[in-house]
Amino acid sequence: MPELPEVETVRAGLEPRLVGRRLERVEILDPRLTRPVEPAGVAAELEGERVAALGRRGKYLIVRFESRRVLLIHLRMTGQLLYANGDSPLAEDAHRRAVVRLDDGSDVIYRDVRRFGTWQLLEPDELDQYLAERLGGEPLIRAFTSKRLAEALAGRRAPVKAVLLDQRRVAGVGNIYADEALWRAGIHPLRPAAELEADEVAALRRGIRAALRAGIARRGATLSNYRTSDGSRGTMQEEFKVYGRACQPCERCGTPVEKIRAAGRGTWYCPLCQPRSPAP
DNA sequence: TTGGCGTCCTGGAGGC
DNA sequence: TGCCTCCAGGACGCCA
């Protein structure tokens, strides 16, 4: 499940390969990818565009063209962007959803087993509003302060885990890094968000940033489908503190990690380090 | 306005 | 061995 660290790893891997290159041929093989716009129309619009920059906001990859138009890519659950120079074993892959031939003869292949991913071609004036309507604070920039996080949590009776998964509150955090951040902060995932004290919000901010930075440093977490742009696996899954570790001892206190359901998602936490009620 | 649930989608695991 | 059911989850729409 690509979250912020995985998307950032893909972005960093593709940036030197893509920037400055012209899209010579674009094949979109899955009509779902560009819904509601016809894929043939999007492909035709993309051909001839030259890449000016490759950015990221939350879990979105932002391909900026010299024309100032933007291709917004979301990998959702199982999307992969793979760079191939020469013969690729993916040539006959059943899960290829799009193939982009660059003007140096190399390919960028979009693969997506569950077909949730999306490609959207936006005009220059559409991007800012599109992202502003969907995304909250970017957690790794200086402006993501404890005050900003407290504002995102304020008035929310929902479990803090659910609020962290809401991209309109905090951009880029998904199920894995929400659990890891809450463990680092010592906060139970079912605590109502608005009940967190100021010191807990500060700890949560530090936990979010530390978990995401660890993920980037390890090139993301490969549980099943995620791969970097060169097809290799991330190693963050070897560093998980709680995610997917039910019944295994907590690294801090040795208490077995428990699994519950929060916000409709599998959720792992340490019942001792992350008490249901805050310490008096 | 808020929170919870269903939907989309497919591969893999487990049970029979 | 083959079939069936359940589970995984990001974003979005719908409903209470």
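Details
- Cβ-placed point charges (K, R +1; D, E -1), dipole of the stretch A:1-85 about Cα centre in debye, nearest 20: 240
- Among the listed pairs A:Lys59/A:Lys259; A:Lys147/A:Lys259; A:Lys161/A:Lys259, those with a Cα-Cα distance over 22 Å are A:Lys59/A:Lys259; A:Lys147/A:Lys259.
- Top positive-direction residue, dipole computed over the stretch A:33-169 with Cβ charges, set A:Leu122, A:Ile141, A:Val163: A:Val163
- Relative contact order, percent, the stretch A:144-280 [alpha-carbon distance under 8 Å, six or more residues apart]: 25
- Cα long-axis angle, helix A:175-185 against chain A (0 to 90 degrees, to the nearest 10): 40
- Net charge dipole, the stretch A:130-173: roughly 140 debye, given to the nearest 20, about the Cα centre with Cβ charges of +1 for Lys and Arg and -1 for Asp and Glu.
- For chain A, the Cβ-based charge dipole about the Cα centre amounts to some 980 debye (Lys, Arg positive; Asp, Glu negative; other atoms uncharged).
- Nonlocal amide H pairs with A:Ala262, under 5 Å, H built at 1.01 Å: A:Thr267
- For A:Glu49, the residues whose modelled amide H falls within less than 5 Å of its own, excluding neighbours fewer than 5 places apart on the same chain, are A:Leu23.
- Rounded to 10°, Cα long-axis angle of helix A:198-217 versus longest principal axis of chain A: 40
- Extension gain, A:Asp87-A:Cys247: 0.36 nm per intervening residue step, less the Cα-Cα distance, totals 53.1 nm.
- Helix A:4-18 axis, angle to chain A major axis (alpha carbon atoms, nearest 10°): 20
- Mean separation of Cα pairs under 8 Å and 6 or more residues apart, divided by the residue count, gives chain A a relative contact order of 18 percent.
- Taken along the Cα-to-beta-carbon direction at a fixed 7 Å, the label points for A:Ala154 and A:Ala53 span 3.1 nm.
- Length-normalised contact order for the stretch A:1-154 - Cα pairs under 8 Å, 6+ apart - percent: 24
- Prolate/oblate/rounded call for the stretch A:132-280, Cα gyration tensor, a/c under 1.5 rounded: oblate
- Stretch in chain A that is longest and holds no GluC sites (Glu not before Pro) that DSSP places in a loop and that have at most 15 other beta carbons within 10 Å: A:127-196
Every number in this text was worked out from the coordinates using simple rules, so none of it is lab data. In this text the structure is predicted, and so the values were computed from the model without any measurement. Neighbour counts run over all protein chains shown; Cβ positions are idealised from the backbone, glycine included.
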